[in-house]
Amino acid sequence: MWQPYNPQMVPACLITGLPGADKQGFIAALAAARPHGAPWALLDNDGGGSAQALTRKGIATEVVIGCACCTGQVTLQVGLVRLLRRSRPGFLLIAADGAAEPDALEQALRQPELARAIALTRRVCVAPPQWLAALPEAARERLRRQIAAADSVVAATAAGVAQLRAAGYSQASGFTETIHQIVTGAPA
């Protein structure tokens, strides 16, 4: 759920989606829309590919490995604190591993130390619509939970958005629309 910006806290966007869902493409497009010189940062818990690309674009990054929603919560907390202290960002992107359970991940981000520093203002799930029927049941259920927890479910193409909406996901939108909302601070 969208929360208004608190000037004492860094607004953050949590990005979920299963491996191969083009989270890197979404993050790259979002970074390209960043206002010139805006101090953004990325906590990459999704393999480090986005961090490598954004570091070259002047965005502070930190890569954490492990399951950020359970066994790797300490790693997540340490990585976030290190990134926030080092970069003092005006906006924070958090790319979650595809196996992340959204409720447990949000609970980790609500730990008192982190809750005082970041305001989770947007939750985005990158969801290729063709996967909805093709995934094994366990992965399909995880994707459904990620979608249910998201403010926006994004697909790279208009056809993908239409497929998601036809599947009952009314919060589906394209990369461009969602990126515009995030950059301008508009609610989902």
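Odds and ends about this structure:
- Of His36, His180, the residue with the largest accessible area leads and the full order is His36, His180 (1.4 Å probe).
- What the stretch 61-188 shows is 46 Å² of accessible area per residue, with the surface traced by a 1.4 Å probe over protein heavy atoms.
- Placed amide H near Val10: partners under 5 Å, 5+ positions off or other chain: Ile118, Ala119
- Taking the Cα centre of the chain as reference, the dipole from Cβ charges on Lys and Arg (+1) and Asp and Glu (-1) amounts to some 460 debye.
- Shape of the stretch 53-119, Cα gyration tensor, a/c cut at 1.5: oblate
- Rotationally averaged projected area of the chain (alpha carbon convex hull; nm²): 9.5 nm²
- Protein accessible area in the stretch 94-188, 1.4 Å probe - carbon and sulfur %: 54 percent
- Note: relative contact order over the chain, using C-alpha pairs below 8 Å and six or more positions apart, is 29 percent.
- Sorted on the mean count of surrounding Cβ atoms within 10 Å across their residues, most packed first, peptides 113-122, 152-161 read 152-161, 113-122.
- Rg(Cα) / (2.2 N^0.38 Å) computed for the stretch 18-93, rounded to two decimals: 1.07
- Of the complete DSSP H runs in the chain, those spanning 20 angstrom or more by Cα along the long axis with a mean Kyte-Doolittle score not below -0.5 are 73-87.
- Equivalent-ellipsoid semi-axes of the stretch 105-148, from the Cα gyration tensor, Å, largest first: 29, 11, 5
The values are calculated or read from the model by the stated rules, or taken from the named source; none is laboratory data. Quantities reported herein were computed from a predicted structural model and do not represent experimental measurements. Virtual Cβ from ideal backbone geometry, glycine too; neighbours counted across all protein chains shown. Areas reflect the complete protein model, heavy atoms only, side chains present, ligands, DNA and RNA absent. Shrake-Rupley method; radii C 1.70, N 1.55, O 1.52, S 1.80 Å.
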